[in-house]
Amino acid sequence: MTTVDLLFRYRLEPTEAVAAALARTREIYGIRSLSFDSAASTLRVEYDATRLNAATVTRLMKQSGLEILDEVSLIPEQPVAAV
């Protein structure tokens with residue numbers, strides 16, 4: 001198993017229907033966990049990359065009805081060294 005995380009920024013807090021649809025995505029083999037950060041308006045999805053790919057996970061999140069703005073990089077930006 002290869003665990004990968006994706007971090008999505010979303011526009012509006014999920015409605016009850018969207019939250020229920022997102023909860024059902026946990027039943028998909030390969031989705032390991034979903035965690036919201038309401039303050040940052042982000043959703044972190046942990047998945048098994050031997051079962052799913054990033055495009056499929058993104059499509060599943062969008063199909064749930066969550067209005068995704070963009071994917072946020074989990075790799076911190078490195079300062080550029082002056083030469």
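Nothing in this text is a laboratory measurement; each read-out follows from the coordinates by a stated rule. Just so it is clear, the structure is predicted and the values come from calculations on it, not from any experiment. Here Cβ is always computed from backbone atoms with ideal geometry, including for glycine, and neighbour counts include all displayed protein chains.
Observations, loosely collected:
- Scan of region 27-54 for residues that are over 18 Å from PRO14 (Cβ atoms), within 11 Å of the chain's Cα centre (by Cα) and loosely packed, with under 14 Cβ neighbours inside 10 Å, ordered by number: ALA54
- If you check TYR29, TYR10 for being among the aromatic types (Phe, Trp, Tyr) and either touching a residue at least 60 places away in the same chain (Cβ under 8 Å) or more than 19 Å from GLY65 (Cα to Cα) (or both), only one passes: TYR29.
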